[in-house]
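The values are calculated or read from the model by the stated rules, or taken from the named source; none is laboratory data. Everything numeric here is computed off the predicted structure, so don't read it as measured data. No Cβ is skipped: glycine too gets one built from the backbone with ideal geometry, and neighbour counts run over all protein chains shown. For accessibility, only protein heavy atoms count, side chains too; no ligands or nucleic acids. Shrake-Rupley method; radii C 1.70, N 1.55, O 1.52, S 1.80 Å.
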Amino acid sequence: LQKSLNETFGADKYSEARKEVLTNMFSRPMQMALYFCTGVLEDEPHFHHYALNVPFYTHFTSPIRRYADVIVHRLLSASLGASSPIRMGKEAIQKQADHCNDRKMASKRVQELSADLFFSVFVRVRA
C-alpha cells in the first residue's frame, strides 16, 4: 500500500499530506481494541488476539502515556507478586475501562474529522 501511494502521489509539496490522509482513511475499517476487565467479562474468546493468534492478550505502553496503561501495569505487577494488589474491585476497574474506551473513541472521532476537514480544504484549493 505504501509503495503504491508513494508512486501515485509524486513529490510535490502536498504529496506527504495526501499520503497521510489516505493511509488514515484506509485504516479506518480496522476494528479498534477495547479495554475491559477480565473479571467482569466471562467470554474468553474476547481475550483472543486475532492478528497474533494468541488465546490471551494484554496490551500496554509506557504508563506515562495513558491512564489505562497505568492500570494495566498495576494489575500485572500485582498478579506477578511484585507489588501489593490494587484496591479496586472488578466493577470499578471495568468502569475505568469504559471511560478510557469512551475517551479513546472521542479522540479517534476528532482525528477523523480533522482529516476530513484537511481533505475538504485540499479538494477546495485544488478545484
Computed over the chain, the relative contact order (Cα-Cα under 8 Å, seq sep at least six) in percent reads 22
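With charges only on Cβ, +1 for K and R and -1 for D and E, what is the dipole size of the chain about its Cα centre, in debye, rounded to 20? Before the final figure, lay out the partial values.
Numbers: 17 positive and 13 negative charges, 92 e Å.
That gives the chain a dipole magnitude of about 440 debye.
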Place +1 on the Cβ of every Lys and Arg and -1 on the Cβ of every Asp and Glu in the chain, take the dipole about the Cα centre, and give the residue among LEU75, PRO63, ALA92 whose Cα lies farthest towards its positive end. PRO63
Within the chain, how many Lys pairs sit with Cα atoms under 24 Å apart, leaving out pairs fewer than 8 places apart on the same chain? 7
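How high is the FRET efficiency from PHE60 to ARG109, r the C-beta distance, R0 22 Å, rounded to 0.05?
On the way: r = 23 Å, r/R0 = 1.05.
The pair PHE60/ARG109 has a calculated efficiency of 0.45.
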GNM on the chain, Cα springs under 10 Å; top mean-square fluctuation among LEU52, LEU113, LEU41 goes to LEU52
Simple spin-label estimate for SER120 and ASP98 in nanometres, 7 Å along Cα-Cβ: 3.3
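For TYR67, what charge total do you get from the other residues with a beta carbon under 12 Å from its beta carbon, if Lys and Arg give +1 and Asp and Glu give -1?
Numbers: positive: ARG65, ARG66, ARG74, ARG103, LYS104; negative: ASP69.
That works out to +4.
Could you state the accessible area per residue of the chain in Å², with a 1.4 Å probe and every protein chain left in place?
Working: 9820 Å² over 127 residues.
With the other protein chains kept in place, the chain gives 77 Å² per residue.
Provide the net charge surrounding LYS13, with neighbours chosen by a C-beta distance below 14 Å and charges set as Lys +1, Arg +1, Asp -1, Glu -1.
Working: positive: ARG18, LYS19, ARG126; negative: ASP12, GLU16, GLU20.
Every neighbour counted, the sum reads 0.
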When the accessible area of the chain is split by element with a 1.4 Å probe, what percent falls to carbon and sulfur? 59
Could you give the dipole magnitude of the stretch 82-127 about its Cα centre, charging the beta-carbon of Lys and Arg +1 and that of Asp and Glu -1, in debye to the nearest 20? 80
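Among ILE86, ILE71, what's the order by accessible area (1.4 angstrom probe), most exposed first?
ILE86, ILE71
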